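Report on one structure; see the data block that follows.
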Amino acid sequence: MKKIIVVSAINFFEGGPLTILKECLEYSAEYLSLEYKIIALVHDAKLLRVDNIEFIEYKKSRKSWLHRLYYEYCHFFFLSKRLKPHLWLSLHDISPNVTADIQAVYCHNPSPFYSFSFHALKYNYQVALFSLFYKFLYRINIRKNAYVIVQQNWIRNAFKDMYNIKNVVVSYPNSSKTLEPETKAKNGSNNIFLYPAFPRVFKNFEVVAEAAKILHDNGFNNFKVLITIRGVENKFARYIADKYKDVPTISFIGLKSKEEINTLYQQVSCLIFPSKLETWGLPVTEAKQFNLPIILADLPYAHETVGTYDKVKFFCPDNCEQLAKYMRSFLDGTLAFDGNQAENVQEPFVQSWDELFDVLLSSGVKSNA
């Protein structure tokens with residue numbers, strides 16, 4: 001009889017998290033299903049359509065946190081007693097109350113390690129409260145895991161310091177492995193800066209908008225800054241759009257699909273990425289694949305995400321004057337890039353699902369207990 005691998009992701013239904021789940025299941029179906037029975041606990045199996053996987057749906061999982069916590073800490077305990085899994089992999093942050101030969105959790109949310117300002121509380125207090133909730137939620141059962149999986153080395157260090165655990169695996173997203181530019185961006189003459197992000201307070205839209213305003217007030221108008229918010233998404237988006245609506249060099253273009261963003265990468269001159277908090281920072285990887293110059297927040301996540309790259313300039317994410325200076329230098333063709341080198345990440349460190357499952361299913365299982 002085949003041993004069982006349970007992949008739990010009952011809260012994933014769209015965007016990057018759903019992509020991660022699909023990649024995980026596609027790899028498992030192709031390379032693990034001959035040896036293991038793969039059972040996926042999901043919100044809606046129709047969103048995935050992967051062969052050689054047994055799906056169990058939890059349609060109520062997203063109705064409320066009470067439903068979610070009931071499944072994680074009560075229902076899954078009895079399910080695991082019945083299934084007797086060899087590996088239980090929870091892809092969405094919570095370490096459930098289960099029994100398994102090997103238990104692991106993939107932690108995506110970095111907000112517990114971010115210090116929220118009064119300004120952030122004013123426009124999005126829910127995110128700040130959620131970060132406190134997650135700081136507590138991460139702690140529950142975390143030592144039951146043989147491995148805790150994170151996407152960057154700085155998050156590993158933060159987990160070790162906050163929760164006093166040992167076996168934290170750094171797992172770079174698959175998209176970070178292929179970094180040779182496949183399409184040259186048609187940049188250099190149109191003077192368009194792009195910042196693609198959803199309007200959350202830690203995304204730091206103000207430093208970009210304020211830098212554009214500084215340049216405009218000083219008579220520099222031969223450029224455009226494209227920001228992917230419309231101003232109707234939430235309270236913070238309305239604040240940003242209203243405050244900077246009279247700056248003619250800023251265009252609020254609304255949220256875009258992945259295909260539309262890829263088209264923009266081929267049309268713009270430079271990516272600005274000032275976010276103060278990221279698990280990874282996917283636009284940085286994407287812009288690098290399109291060979292775009294990048295003006296990037298000088299923060300640990302950003303250095304790790306960009307890896308080895310020549311066309312990057314780092315700036316203090318709280319300094320709009322410095323950003324305006326670098327934007328003007330870029331427009332003048334005089335910007336001196338800093339460049340960056342990929343850091344050496346200590347083991348356990350993986351860059352694919354193949355490598356990650358090799359670690360998780362290795363015979364020498366370690367413990368965080």
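Does the range 96-108 contain at least one residue that is surrounded by fewer than 20 Cβ atoms within 10 Å (Cβ to Cβ), assigned by TED's automatic domain parsing to the domain that holds VAL148 and closer than 18 Å to SER171 by Cβ?
Our first condition is that a residue be surrounded by fewer than 20 Cβ atoms within 10 Å (Cβ to Cβ); within the range 96-108, this holds for 97, 99, 101-102, 108.
Applying the additional criterion that residues be assigned by TED's automatic domain parsing to the domain that holds VAL148 yields 97, 99, 101-102, 108.
Keeping just the survivors that are closer than 18 Å to SER171 by Cβ gives 102, 108.
The answer is yes; a qualifying residue exists.
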Counting only residues that are polar (S, T, N, Q) and surrounded by 17 or more Cβ atoms within 10 Å (Cβ to Cβ), which one in the range 111-142 is modelled with the lowest pLDDT? ASN124
Here the residues within the range 300-349 that are more than 26 Å from VAL168 (Cβ to Cβ) and β-branched (Val, Ile, Thr) are VAL312, THR334
How many residues does the range 305-326 contain that are over 14 Å from GLU206 (Cα atoms) and more than 25 Å from the chain's Cα centre (by Cα)? 2
Mind checking which residues of the range 321-344 are crowded, with 21+ Cβ neighbours inside 10 Å and touching an Asp or Glu at 6+ places or on another chain (Cβ under 9 Å)? LEU323, ALA324, ASN340
Pick from the range 332-344 the residues that are at pLDDT 95 or above and of a type in the set (A, V, I, L, M, F, W, C): which of them is nearest to the chain's Cα centre (by Cα)? PHE337
So which residues in the range 311-353 are of a type in the set (Asp, Glu) and in contact with a strand residue (DSSP E or B) (Cβ under 8 Å, 6 or more places away or on another chain), if there are any at all? ASP338
Taking interchain pairs and intrachain pairs at least six residues apart, which have beta carbon atoms under 9 angstrom, with the first residue in the range 225-245 and farther than 15 Å from GLU206 by Cβ and the second of a type in the set (D, E, K, R) and in a helix (DSSP H, G or I)? VAL232/ARG238
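Which one of VAL208, VAL247 is buried (at least 19 other Cβ atoms within 10 Å of the Cβ), in contact with a helix residue (DSSP H, G or I) (Cβ under 8 Å, 6 or more places away or on another chain) and at pLDDT 95 or above?
Being buried (at least 19 other Cβ atoms within 10 Å of the Cβ), in contact with a helix residue (DSSP H, G or I) (Cβ under 8 Å, 6 or more places away or on another chain) and at pLDDT 95 or above holds for just one of VAL208, VAL247, which is VAL208.
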Single unsatisfied condition, ASN368 versus (1) of a type outside the set (D, E, K, R); (2) in a strand (DSSP E or B); (3) not assigned by TED's automatic domain parsing to the domain that holds ILE229: (2)
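Is it the case that GLY307 is on the phi > 0 side of the Ramachandran plot, surrounded by 14 or more Cβ atoms within 10 Å (Cβ to Cβ) and in contact with a Lys or Arg (Cβ under 8 Å, 6 or more places away or on another chain)?
On the way: on the phi > 0 side of the Ramachandran plot: yes; surrounded by 14 or more Cβ atoms within 10 Å (Cβ to Cβ): yes; in contact with a Lys or Arg (Cβ under 8 Å, 6 or more places away or on another chain): yes.
Here the answer is yes, as GLY307 does meet what is asked.
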Could you list, in sequence order, all residues of the range 224-239 that are more than 23 Å from SER269 (Cα to Cα) and either among the acidic types (Asp, Glu) or touching a strand residue (DSSP E or B) at 6+ places or on another chain (Cβ under 9 Å) (or both)? GLY231, GLU233, ALA237
In this structure, is SER275 touching a residue at least 40 places away in the same chain (Cβ under 8 Å) and either at negative phi or not in a loop (DSSP other than H, G, I, E, B) (or both)? yes
Of the listed residues (ILE272, ILE250), the one being within 24 Å of PHE315 (Cα to Cα), aliphatic (A, V, I, L, M) and over 20 Å from the mean Cα position of the chain (by Cα) is ILE250
Under the condition of being touching a residue at least 60 places away in the same chain (Cβ under 8 Å) and charged (D, E, K, R), which residue from the range 1-42 is surrounded by the fewest Cβ atoms within 10 Å (Cβ to Cβ)? LYS3
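The values are calculated or read from the model by the stated rules, or taken from the named source; none is laboratory data. What you see is a predicted model, and the numbers here were worked out from it, not measured in a lab. A quick note on method: Cβ atoms are made from the backbone with ideal geometry, for glycine too, and the neighbour counts reach across all protein chains shown.
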